[in-house]
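Input: a single structure, listed below in structure tokens.
The values are calculated or read from the model by the stated rules, or taken from the named source; none is laboratory data. These numbers were taken from a predicted model, which means no experiment stands behind them. For neighbour counting, all protein chains shown are included, and Cβ atoms are generated from backbone atoms with ideal geometry for every residue, glycine included. The accessibility values were calculated without ligands, DNA or RNA, using every heavy atom of the protein model including side chains. Shrake-Rupley method; radii C 1.70, N 1.55, O 1.52, S 1.80 Å.
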Amino acid sequence: MPYFCIVEKQICILAIESSCDETSASVCINGEILSNHIAGQTVHERYGGVVPELASRAHMQNIVPVVHTALATAKCSMQDIDAVAFTQAPGLIGSLLVGAQFAKSMALALDKPLIAVHHMQAHVLANLIPEERPEFPFLCLTVSGGHTQIVVAHSPLRLEVIGETIDDAAGEAFDKTAKLLGLPYPGGPLVDKYAKEGNPEKFKFAEPQIPELNFSFSGLKTSVLYFLQAQTKEHPDFIKENLVDLCASVQHTIIRILLKKVKKAVQQTGIRQICIAGGVSANSGLRAQLQEAGRKHGWKTFIPPFQYCTDNAGMIAITAYYKYLAGQFADMEVSPSARSEW
Ligand code: KG4
Ligand code: ZN
């Protein structure tokens with residue numbers, strides 16, 4: 001009798017992320033991330049924000065070495081790749097074009113399928129990378145530099161946005177208030193650092209009353225601006241002398257606004273598995289307070305490791321893996337889009 005040995009197919013995906021100012025490549029085999037290499041761009045520091053033209057040029061310089069490093073770290077060769085994935089939207093169009101064109105060229109040269117990934121979906125699915133994963137359906141608070149959303153994840157490929165910001169994103173709230181405090185861009189990580197030493201109750205800032213599960217952060221920036229203008233008029237050194245308390249108070253306000261809506265989303269949906277995602281999910285205060293809220297309200301909380309919070313290709317790879325399993329491939333005419341429609 002013949003003996004059939006069934007060898008399970010290994011699905012090896014190379015993923016590229018280039019939506020903003022991080023050039024990243026990742027290799028994933030059967031949903032396990034083997035490498036996640038990220039090259040940041042320091043060229044923007046002196047401009048106080050990302051300069052799109054410079055970001056595209058830096059992606060051009062970075063992309064080949066970043067892909068090589070990701071393959072080498074994963075101990076994979078180009079011949080091992082079964083599909084090439086890239087971030088299609090949203091983002092800076094010039095930055096997206098570099099990743100898209102590189103991915104298309106590789107897919108063509110290797111004669112392998114191409115997978116187009118939505119950046120915001122990928123942030124949510126970063127929660128499926130660690131071994132301890134949420135069960136479906138779960139809620140995800142996605143907080144990045146351009147977006148603030150509450151999403152119901154019904155399955156890896158069926159996500160429903162049930163709340164979002166009507167103006168600034170949470171990351172912008174961090175970055176814009178940081179700028180008012182004289183901190184360099186991006187201010188979020190620095191506010192986080194200083195907030196650890198400050199008193200979060202020292203200064204009170206207005207919290208918006210926005211209906212349903214939506215958010216607003218533009219009022220907070222204005223409230224901080226007027227407060228600082230009034231204080232520095234009397235005491236020119238006010239910011240310097242109160243920096244850590246100002247950071248702690250602003251951060252505390254942002255986290256309160258976010259967690260209030262998460263609580264409301266839990267009440268509305270009955271879903272008690274809560275994830276966070278996006279750059280702001282790297283914030284130590286948000287991570288700690290989400291866990292505390294989980295203990296208090298009986299939620300099961302999931303927080304991605306730091307390297308999968310800010311922009312990274314690992315999250316593109318895990319999303320592409322589920323798209324591969326579902327046969328969702330892109331054709332070669334696909335083009336990137338700056339807009340964020342799903
Ligand atoms: O997800 P991300 O890397 O890029 C976008 O898709 O936008 O998010 C970037 C945002 C920036 O606004 C940055 O200041 C913020 O995430 N961020 C943080 C922290 N680390 C990054 N905000 C607060 N605390 C942090 N530790
Ligand atoms: Zn992002």
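Worth pointing out:
- The stretch 188-227-the stretch 67-134 distance, computed between alpha-carbon centres (Å): 35 Å
- Per residue value of the accessible surface for the chain (all protein chains in place, 1.4 Å probe), Å²: 47 Å²
- Across the chain, Cα pairs under 8 Å and at least six residues apart give a relative contact order of 24 percent.
- Loop GluC sites (Glu not before Pro), the stretch 172-220 (other Cβ atoms within 10 Å of the site Cβ: 14 or fewer; DSSP): GLU197, GLU201, GLU212
- Value of [θ]222 nm, deg cm²/dmol, for the chain, DSSP H segments ≥ 4, -39500 (n - 2.57) each, nearest 500: -13500 deg cm²/dmol
- Loop trypsin sites (Lys or Arg not before Pro), the stretch 1-110, which have at most 16 other Cβ atoms in a 10 Å radius of their Cβ (DSSP): LYS9, LYS75
- Computed log10 I(q)/I(0) for the stretch 136-303 at 0.10, 0.12 Å⁻¹: -0.36, -0.52, from the Debye equation with unit scatterers placed on every C-alpha and solvent omitted.
- Ranking ALA153, CYS76, ALA122 by how far each Cα lies toward the positive end of the dipole of the chain (charges on Cβ) leaves ALA153 at the top.
- The share of accessible area on the chain that comes from carbon and sulfur is 53 percent, using a 1.4 angstrom probe.
- Paramagnetic reach from ILE166 in the stretch 199-217 [backbone N under 17 Å; point 7 Å along Cα→Cβ]: 206-217
- Length-normalised contact order of the stretch 136-303 in % [C-alpha pairs under 8 Å, at least 6 apart]: 28 percent
- Per-selection metrics, the stretch 121-207 (Cα): Rg and Dmax in Å: 15.8, 43
- Size of electric dipole in the chain: Cβ of Lys, Arg +1 and of Asp, Glu -1, about Cα centre, debye, nearest 20: 680 debye
- Along each principal axis, Cα extent of the chain, largest first, Å: 87, 46, 32
- Using only side-chain charges placed at the Cβ, +1 for Lys and Arg and -1 for Asp and Glu, the dipole size of the stretch 136-303 relative to its Cα centre rounds to 540 debye.
- Of all beta bridges that DSSP places with both ends in the chain, some 60 percent have antiparallel geometry.
- Rounded to the nearest 10 degrees, the inclination of helix 170-180 to the longest alpha-carbon principal axis of the chain is 50 degrees.
- Each of SER144, ALA89, SER284 was scored by the projection of its Cα onto the charge dipole of the chain, and the greatest displacement toward the positive side belongs to SER284; charges sit on the C-beta of Lys, Arg, Asp and Glu.
- Nearest-20 debye value, the stretch 179-258 charge dipole, Cβ charges on Lys, Arg, Asp, Glu: 140 debye
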